[in-house]
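Worksheet: one structure, shown below.
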Amino acid sequence: MILIIDFGSQFNQLIARRVRECHVDCPIESPAIGMDEIRKLNPEGIILSGGPSSIYEKGSPKIDKAVFDLNIPILGICYGMQFMVDALGGNVKNAKKREYGFAELTAKKATGLFKKVSRTTQTWMSHGDSIVKLPRGFTITASTRNTKIAAAANAKRKMYGLQFHPEVEHTLKGKTMLRNFLFDVCGCKRSWTMKSFARESIADIKALVDGKKVVLGLSGGVDSSVAALLIHKAVGKNLTCIFVDNGLLRKDEAQQLKKTLKQHLKMNIRFVSAKNKFLNPLAGITDPEKKRNIIGRVVMDVFEAEAKKIKDAEFLGQGTLYPDVIESVSAFGGPTSVIKSHHNVGGLPKKMKLKLVEPLRYLFKDDVRKLGSEIGLPEDLIWRQPFPGPGLAIRIIGEVTRSRLAILRDVDAVLLEEIRQNGYYRKLWQSFAVLLPIKSVGIMGDSRTYENIVAIRAVTSRDAMTADWARLPHQLLGKMSNRIINEVRGVNRVVYDISSKPPSTIEWE
Ligand code: XMP
């Protein structure tokens, strides 16, 4: 096992993900951890993570320097490397030039962490301070144009430092470097699996909840379903799930979901029908943020009212994923600007004084799907495309009315049928229709029409942080357009959205 010491970088969970991808377990601990505790954990290696601080800043995170005398291999990344260098007698200075972004790295030799890495390779840097003098016994192992000491090592003591981030995808050979550390330097064995993750999570939840009651909002999506099943395995009937039909779901979705959830998640689920509570206050509202705020508020009210019926509930289970966590925190710890208020989390716990259980907090969507499969969630739940909490309300540009909802539902149903039949449903991150607030002229039979326009949105993505428009075959696009215009009354034009994220977003509102 590898111990990761968390100096506060937003990429720490990515380090953990990369290590686990190599099937090595890696708990993350605070720098305040004691040396006895580390000895007890008995890790094969230690990774000192990056962090937003400068090592000279007051209050910057520090670990006991005795960690360097434990005789355990150490990899310092960015701040972690600077900390190690400083602690062992080297020198770190505030760099004149901050280095941020891509940098071409040239390794001195294809040994150590650079085994099986080409001599020059692309890396990703993000640092203000730079190392100017190495401690005794260390040598430079790689440089970039701006950073002479971009990597250094004391191979004899098995200490390695990388000024760049090997864990991010932009460092093309980062995984090879980490693998070299794990297997060549530390001698780790490949033993970590999703099965062991599931087993440990269930044990952790059991210990945390300790016989108390948990409530959880089920959306019908994979995240909340996996979280629910995992928590259910840990606490059994002490978990109550709440599913709210907000009237903003896709065609027949509420009934289908109810059936699937009942059939496959044999747990305590309360179904609440609250369509009018959502649709009435949305009347006349066209501003996207106002729509989101109204829906967010009503969700909270309905959920709170329902949760209150569960006596003595102390915990709130949530399917928050890692990208949800980092999208709300900037590189330097402050809040990023709110692009869209994702309301499905937040708010609730503070207001309801519930403690959080978030077993998926360190996972990405593809991990969650693997985990779901491991714990026995049915395929059709595991592979459901993500669907936003505010539902069709943010896919109807302009006012959300019952008749516009009906049009969008019918269009969306045709679109999904074609996507599924042609084998694209799982290949796409999301595919859906958007109803526009403008009309255009058309001709049907011999008559002039003046009807609605819908846009088709289909994207590929790994985690929704970036996305590309899907290059769907023209034939499929043509068929969808034809069927939509012919089968759905009130639509006479279909357009295809060819924008990527960024600069666009996946949803239109
Ligand atoms: P955007 O439009 O910001 O969406 O590129 C990124 C991903 O998030 C989904 N999304 C939401 N999910 N509540 C959710 O649960 C929301 O309020 C929300 N808004 C957007 C969106 O469908 C895409 O997968």
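Please report the equivalent ellipsoid semi-axes of the range 2-185, computed as sqrt(5 x eigenvalue) of the Cα gyration tensor, largest first, in whole Å.
Whole-Å semi-axes of the equivalent ellipsoid: 22, 19, 16.
Which value in Å does the Kirkwood hydrodynamic radius of the range 18-104 take, with 1/r averaged over all unlike C-alpha pairs and then inverted?
14.5
Just the number please: accessible area per residue for the chain, 1.4 Å probe, all protein chains included, in Å². Mind dumping the intermediate values first?
Working: 24060 Å² over 509 residues.
That works out to 47 Å² for each residue.
Please list ASP210, ASP129 from largest to smallest accessible area, probe radius 1.4 Å, with all protein chains kept in place.
Numbers: ASP210 105, ASP129 10 Å².
Greatest to least solvent exposure: ASP210, ASP129.
How much net charge surrounds VAL441 when only the other residues with a Cβ under 11 Å from the Cβ of VAL441 are counted, with Lys and Arg +1 and Asp and Glu -1?
Numbers: positive: LYS439, ARG448, ARG493; negative: GLU451.
Result for the local shell: +2.
Quick one: with all protein chains in place, what share of the accessible area of the range 2-185 is carbon or sulfur, to the nearest percent (1.4 Å probe)?
Working: 3950 of 8280 Å².
Carbon plus sulfur share of accessible area: 48 percent.
Under 37 °C and 0.692 mPa s, how fast does the range 401-496 diffuse according to Stokes-Einstein, given a Kirkwood radius computed over C-alpha pairs? Answer in µm²/s, whole number.
After rounding, the answer is 235 µm²/s.
Using Cα pairs under 8 angstrom and six or more residues apart, how large is the relative contact order of the chain, in percent?
11
Given the Cα-Cα distance of LEU208 and ILE443 and 0.36 nm per residue of separation, how much length would full extension add, in nm?
78.2 nm
Based on a Kirkwood Rh over C-alpha pairs, give the Stokes-Einstein translational diffusion coefficient of the range 45-95 at 4 °C and viscosity 1.567 mPa s in µm²/s.
115
Using 7 Å Cα-to-Cβ label points, what is the LEU356/ARG190 separation (nm, one decimal)?
3.4
What percent does the relative contact order of the range 194-382 come to when contacts are Cα pairs within less than 8 Å and at least six residues apart?
RCO, the range 194-382: 30 percent.
If I compute solvent accessible area with a 1.4 Å probe over the protein chains, what percent of it on the range 369-509 is carbon and sulfur? Mind dumping the intermediate values first?
Working: 3430 of 6620 Å².
Whole-percent figure for carbon plus sulfur exposure: 52.
Quick one: order PHE114, PHE11 from most to least accessible surface, probe 1.4 Å. Intermediate results must be reported in sequence, preceding the final value.
Details: PHE114 5, PHE11 35 Å².
I get PHE11, PHE114, largest accessible area first.
Within 14 Å, Cβ to Cβ, of ASP36, how many net charges do the neighbouring residues add up to if Lys/Arg are +1 and Asp/Glu are -1? Each step should come with its number before you reach the end.
On the way: positive: ARG39, LYS40; negative: GLU29, GLU37, ASP64, ASP69.
In short, -2.
Under a cut-off of 16 Å between alpha-carbon atoms, report the aspartates and glutamates in cross-link reach of LYS195, not counting same-chain residues fewer than 8 places apart.
GLU21, ASP25, ASP204, ASP366, ASP367, GLU374
Per-residue accessible area for ASP380 at 1.4 Å probe radius, Å² rounded to 10?
Approximately 90 Å² for this residue.
Grab the eigenvalues of the alpha-carbon gyration tensor for the range 203-316, scale each by 5, take roots, and send me the semi-axes largest first in whole angstrom.
Calculated on Cα positions only, the semi-axes equal 28, 16, 12 Å.
Of all the Cα-Cα pairs you can form in the chain, what percent are over 46 Å apart? All intermediate terms of the calculation are to be shown ahead of the outcome.
Working: 28832 of 129286 pairs.
Result: 22 percent of Cα pairs exceed 46 Å.
Below 8 Å, C-alpha to C-alpha, sequence gap of six or more: please give me the relative contact order for the range 401-496 in percent. Kindly include the intermediate steps, with their values, before the conclusion.
Values: 141 pairs, mean separation 28.2, N = 96.
Relative contact order for the range 401-496 comes out at 29 percent.
Need the list of aspartates and glutamates near LYS439 for cross-linking: C-alpha distance under 15 angstrom, and skip anything on the same chain fewer than eight residues off.
The qualifying aspartates and glutamates are GLU399, GLU451.
Name the lysines eligible as straight-distance cross-link partners of LYS251: C-alpha to C-alpha under 17 Å, and not fewer than 8 places from it in the same chain.
Partners found: LYS259, LYS275.
Which value, in Å² and to the nearest 10, is the accessible area of LEU48 when all protein chains are kept and the probe is 1.4 Å?
Surface open to solvent at LEU48 totals about 0 Å².
Where both residues lie in the chain, what percent of DSSP beta bridges are antiparallel, nearest 5?
Of those bridges, close to 50 percent are antiparallel.
The values are calculated or read from the model by the stated rules, or taken from the named source; none is laboratory data. All of these numbers come straight from a predicted model, not from anything done at the bench. Neighbour counts are summed over all protein chains in view; Cβ atoms, including those assigned to glycine, are modelled from backbone coordinates with ideal geometry. Surface areas here come from the heavy atoms of the whole protein model, side chains and all, with no ligands, DNA or RNA. Shrake-Rupley method; radii C 1.70, N 1.55, O 1.52, S 1.80 Å.
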